[in-house]
Amino acid sequence: MNPMISRNALQGESLSRRWFLRDCGVGLGAVAATSLLEQQAAQAAPGNDPLAPKKSHFPGKAKNVIYLFMAGAPSHLEMFDNKPQLSKYDGELPPAELLDGYRAAFINPNSRLLGPKFPFAKYGECGAELSNVLPHTAKVVDDLAIIKSMKTDAFNHAPAQIMMNTGSQLFGKPSLGAWTLYGLGSESQNLPAFVVFSSGSKGPSGGNSNWGSGYLPTVYQGVQLRSVGDPVLYLSNPNGIDRVAQRDALDAINELNRQRLSVTGDPEIATRINSFEMAYRMQASGPELMDLSSEPKHVLDMYGVDPQKSSFAKNCLLARRLVERGTRFVQLFHEAWDQHGNLTKGLQKNCRDTDQACAALIQDLKQRGMLEDTLIIWGGEFGRTPMVQGGGNDGRDHHPNAFTMWMAGGGVKPGITYGQTDEFGFNTTENPVHVRDLHATILHLLGFDHTRLTHKFQGLDQKLTGVEPAHVVHDLLA
């Protein structure tokens, strides 16, 4: 091998692999990929870009998704699902028939009932009820479809988060974001197609399996970015390495990878090529994404963003900027909602940290004409019990039987409340929506029949919604 090519190749390999491995697990493999193959068509084999834009089964209303994941499980009873009877019977034992066959995560199910901690009122033309910890969401309530009848199969955090994001409690399945890229590809050439941010007191309990690609090629997995400084570590070149030297190195490495790809057909080699190319392009596009100096002060104030500090609010603004630049799927994890105790103060803080920015995201997208094709999803992995947990009558346990989520934009019917729970917020009583139904509905909004978006693995046509019945909730569609 030519010594110059060898030296440059080794330098590029070191730079790219440090970035590739340190920040993305198996890689920036989850990135949007307009690779060098497209820039040098004469050397490229056709069809080598797994993230080229693809057609859906039918025209979808949503082109992009921003998923605001409230990890830890917010209490629907303190925020969205007003239960006067729960206040009336505060401190009393629940009816015995309510608990028949019920299993709680930590508490004795026969614990006393706990009334809501905050007052509720009706807002907007739709008259939806919200508590007073959501003053900003109240201003955009006419843009929301509030689902009060969500239910899931899991009542511990990690399996429930994995189920909400992959359709299964078992690790190793592709995430909703990965399926979205698998079906639609990417419109972004210089930024990852599936981006993840994390805020709150810690990362999500389910870890990076929440945004993994499972049995799909790793090119479809999510890429976690930081919201302060370089979006990923080692993005800047070290001293002595300039763009020309790095380009020469990548050209040599990618040529070797292309030769190996033509022999083996291994999709992970295509992932590696895409990863190296994205790392190179993000040295220019990454800093531009993070530079909020072009954002007017009134926009920063609307979100409540301090450009110098990491926050959920800043992540919301970055989500809008990513979608503007062609990123297909952005997911924000805010792990802070597990109030087994300190419910009152904990919820107040969580809502101060998130409420304004969630509403601002809707307003910002709407005024830019982007809300109609950007689907926003808000919610956690399950709800909280009507029964008390912890000392001081100030906590609730995990509860899978009933909880609340909302969606906006992207073909969702605005200003509606869907489904109901019983007088204690314990079970769904009208229009239950299982996690599988939610996934089927999201895929429908993106233009897919969930039964036909499949991937052959272990002899089966695997799909996000699995083998259990799943139904599109047509009443949620505009």
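Available extension along the chain between residue 325 and residue 456 is 44.0 nm, counting 0.36 nm per residue and deducting the alpha carbon span.
The sum of -39500 (n - 2.57) across all DSSP H runs of n ≥ 4, divided by the residue count of the chain, sets its helix-only mean residue ellipticity at 222 nm to -10500 deg cm²/dmol.
How big is the Cα convex hull of the range 59-178 in projection, averaged over all directions, in nm²? Let's see the in-between values first.
Details: hull surface 41.0 nm².
Projected area, direction-averaged: 10.3 nm².
Mean projected area of the convex hull spanned by the Cα atoms of the range 365-478, taken over all viewing directions: 10.1 nm². For the range 196-302, the Kirkwood hydrodynamic radius from C-alpha pairs, put into Stokes-Einstein at 20 °C and a viscosity of 1.002 mPa s, yields a diffusion coefficient of 129 µm² per second. Could you check how much of the accessible area of the chain is carbon and sulfur, as a whole percent, using a 1.4 Å probe? Answer for the chain is 49 percent, counting heavy atoms of protein chains only. Under the criterion of Cα pairs below 8 Å and six or more residues apart, the relative contact order for the range 154-251 equals 28 percent. With the convex hull drawn around the C-alpha atoms of the chain, the volume per residue stands at 145 Å³. Most tightly packed first, judged by the mean number of other beta-carbon atoms within 10 Å of their residues, the peptides 149-157, 69-77, 389-397, 83-91 read 69-77, 149-157, 389-397, 83-91. Listed by chain and number, the lysines placed with their C-alpha closer than 16 angstrom to that of residue 61 are 366, 413; residues fewer than eight positions away on the same chain are left out.
How large is the accessible surface per residue of the range 148-301, computed with a 1.4 Å probe and reported in Å² as a whole number?
Values: 5690 Å² over 154 residues.
Solvent-accessible surface per residue comes out at 37 Å².
Using 28 Å as the Cα-Cα cut-off, could you pick out the over-long pairs in 54/173; 63/148; 202/463; 117/173? Flagged as over cut-off: 202/463; 117/173. Evaluated with a Cβ-only charge set (Lys, Arg +1; Asp, Glu -1), the range 305-378 carries a dipole of roughly 200 debye about its Cα centre, given to the nearest 20. For residue 88, a cut-off of 13 angstrom between C-alpha atoms picks up these aspartates and glutamates, skipping any fewer than 8 places away in its own chain: 423.
Measuring with a 1.4 Å probe in the full set of protein chains, what accessible area per residue, in whole Å², belongs to the range 82-145?
On a per-residue basis, the range 82-145 sits at 54 Å².
Alpha-carbon geometry of the range 398-461: the Rg and the Dmax are 15.2, 46 Å, given in that order. Using Cβ point charges alone (K and R +1, D and E -1), the dipole size of the chain about the Cα centre works out to roughly 680 debye. When only the Cβ of Lys, Arg, Asp and Glu is charged (+1, +1, -1, -1), the dipole of the range 93-186 relative to its Cα centre reaches about 240 debye.
Normalising the average separation of contacting C-alpha pairs (under 8 angstrom, six or more residues apart) by the number of residues puts the relative contact order of the chain at 29 percent. With the charge dipole of the chain set up from +1 on Lys and Arg Cβ and -1 on Asp and Glu Cβ about the Cα centre, the Cα lying farthest toward the positive end among the listed residues 404, 218, 376 is that of 218.
Positive end of the dipole of the chain, charges at C-beta (+1 Lys, Arg; -1 Asp, Glu), about the Cα centre: which of 322, 131, 162 has its Cα farthest in that direction? Going by the charge dipole, the pick is 322. Shown in residue order for the range 99-110 are the 3J(HN,Hα) couplings computed by the Karplus curve 6.51 cos²θ - 1.76 cosθ + 1.60 at θ = phi - 60°: 9, 4, x, 7, 10, 9, 6, 10, 8, 6, x, 7 Hz (x for Gly and Pro). Highest mean first, the peptides 378-385, 284-291 sorted by other C-beta atoms within 10 Å per residue fall in the order 378-385, 284-291.
Compute the Rg/Rh shape ratio of the range 232-350: radius of gyration over Kirkwood radius, all on alpha-carbon atoms. A ratio of 1.12.
Of the residues 196, 252, 342, the one whose Cα sits farthest toward the positive end of the charge dipole of the chain, with +1 on the Cβ of Lys and Arg and -1 on the Cβ of Asp and Glu, is 252.
The values are calculated or read from the model by the stated rules, or taken from the named source; none is laboratory data. Everything quoted here is computed from the prediction, not taken from an experiment. FYI the Cβ positions are ideal-geometry reconstructions off the backbone, even for glycines, and counts take in every protein chain you see. Just so you know, the surface numbers come from the protein's heavy atoms only, side chains and all, with ligands and any DNA or RNA stripped out. Shrake-Rupley method; radii C 1.70, N 1.55, O 1.52, S 1.80 Å.
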